[in-house]
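Here's the structure we're looking at; comments come further down.
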Amino acid sequence: MRGRRSCGRRLPAVRPRSRRSRQGPGWCGGSRSSGFLHLNTVHLNSVHYSETVTGNESARRHGRDDVAETALRILDDYGLPDLTMRRLAAALDVQPSALYWHFPNKQTLLAELADRIIGRAAVTAPDAPWPDRVRAESAALRDALLAYRDGAEVVASTAALGLGAAPAQQRLAAAVRSGGFDAETAGRAATALLHFVLGHVSHEQQRMQFDSIGVLATGEAADPFDQGDSAAAFAFGVNLLVGGLQRLAVDDESAEGVSRSRM
């Protein structure tokens, strides 16, 4: 009886075993080795599947509103420079990639924050005279921006990108249009008012920040244009713009009267 081979080695001849034994799994190229590989494959797939499910569950656990409100808290606590996607993800206990289920990039997130900041501006009386409505809308917008650290910078930066601040411009334009101005004039006036509000509040918030760390100049080196009362300075600027609109309305009425008298 010839010797048999096992894993490349010649073994002494042995008596054949039962048919059932010969059909069992063997160690050399048999099903046991492939079975071992199969188990590993299943294990690896199960790990990959569990990681995928965990990422999806994290994204679902924190909705768009949770992400935005957490970002607003970070903005108010640390300021815009420290509002990073990594810090936001850590605050939510998720991977940074999970945030992109809700916001494709940081600019879109900031636009959402800008809309939320503006959306919390107080509602003004719609039946008030138009000059009072413009003043009230401007003051409400200023208060909303001041409610969050670097609020004016967030809204201004998103407005420059064309991603945010539309609600603010629309509210101001509606107040101007209640005075009988055409849509084009109201839109331009609203844009001018918005630029003034954003610039003024941005300056206020920068001074607040510098004052909090004790670097504001004092004495003779202080800003000669600083009036001390920011609210009064803001109201003065808004009144200048409202006065210009009132003069424009008078000029338009005078021009219409002259035109009718010549007919």
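Below, the figures for the structure above:
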| item | result |
| --- | --- |
| Dipole magnitude of the stretch 61-104 about its Cα centre (Cβ charges: Lys, Arg +1; Asp, Glu -1), debye to nearest 20 | 180 |
| P(r) weight above 15 Å for the stretch 61-104, C-alpha pairs, percent | 32 |
| Tensor-based shape of the stretch 74-145 (alpha-carbon gyration tensor, a/c under 1.5 rounded, otherwise prolate or oblate) | prolate |
| Sites Gln206 and Asp132 - FRET efficiency at Förster radius 45 Å, r taken between beta-carbons, to 0.05 | 0.90 |
| Length added when fully stretched, Ala235-Ala160, from 0.36 nm per residue minus Cα-Cα | 24.5 nm |
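Values in this text are rule-based calculations from the coordinates and carry no lab data. None of these values were measured; they are calculated from a predicted model. All Cβ positions, glycine included, derive from the backbone under ideal geometry; neighbour counts span all protein chains shown.
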